[in-house]
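Colleague: Below are the structure tokens for one structure; questions will follow.
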Amino acid sequence: MKIIFESCSENEAFARTVVAAYITRLNPTLEELSDVKTAVSEAVTNCIIHGYENKKGDITMECTIHNNDISIIVEDYGKGIADIEKAMEPLYTTRPEWERSGMGFAFMEAFMDKLKVDSSPGKGTRVFMEKTIGVCEGQE
């Protein structure tokens, strides 16, 4: 599944709803569903606020299911991240004047099993997330 939508704050809820509908076939628990929706919300919000700095641009979200694994890619084509390692530090933010917590990447990392961020200044950012749904620890 691949969708492209405009980088406006209303579409953060749209992205959450789309990913929730997409993973229903895996019969996720409410906690798993909430985890995935929160991670997608953080990734899309980062695109809007940091990638495009609240200007208009496209965000692409691509989801794939393989067995019990959901893979999600959220990508913008905005300003990019100069120092990914620094950006992923908890509480780090490039917008301290806004009441943001700087926990976006930390939440994505906590709620998903895998997180990878690729970015090029001036070209955009690609966030890859993966989570296994419906498999208890030790059953894999």
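The values are calculated or read from the model by the stated rules, or taken from the named source; none is laboratory data. Being a predicted model, the structure only gives us computed values, none of them experimental. Using ideal geometry, Cβ is built from the backbone for each residue, glycine included, and neighbour counts are taken over all protein chains shown. Quick note on the areas: whole protein, heavy atoms, side chains included, nothing else; ligands and nucleic acids left out. Shrake-Rupley method; radii C 1.70, N 1.55, O 1.52, S 1.80 Å.
Colleague: Quick test for you: out of 31, 42, pick the one residue that is out of contact with any Phe, Trp or Tyr (no Cβ under 8 Å at 6 or more places or on another chain) and in a helix (DSSP H, G or I).
Modeller: Testing whether each residue is out of contact with any Phe, Trp or Tyr (no Cβ under 8 Å at 6 or more places or on another chain) and in a helix (DSSP H, G or I) leaves just 31.
Colleague: Is it true that residue 70 is surrounded by 15 or more Cβ atoms within 10 Å (Cβ to Cβ), in contact with a strand residue (DSSP E or B) (Cβ under 8 Å, 6 or more places away or on another chain) and touching a residue at least 40 places away in the same chain (Cβ under 8 Å)?
Modeller: Yes, satisfied.
Colleague: Of all residues in region 9-31, how many are open to solvent by 30 Å² or more (accessible area, probe 1.4 Å) and under 16 Å from residue 134 (Cβ atoms)?
Modeller: So the answer is 7.
Colleague: Another question, then. Pick out the one residue from 120, 101, 34 that is farther than 21 Å from residue 8 by Cα and at pLDDT below 95.
Modeller: 120 is the lone residue from the list that is farther than 21 Å from residue 8 by Cα and at pLDDT below 95.
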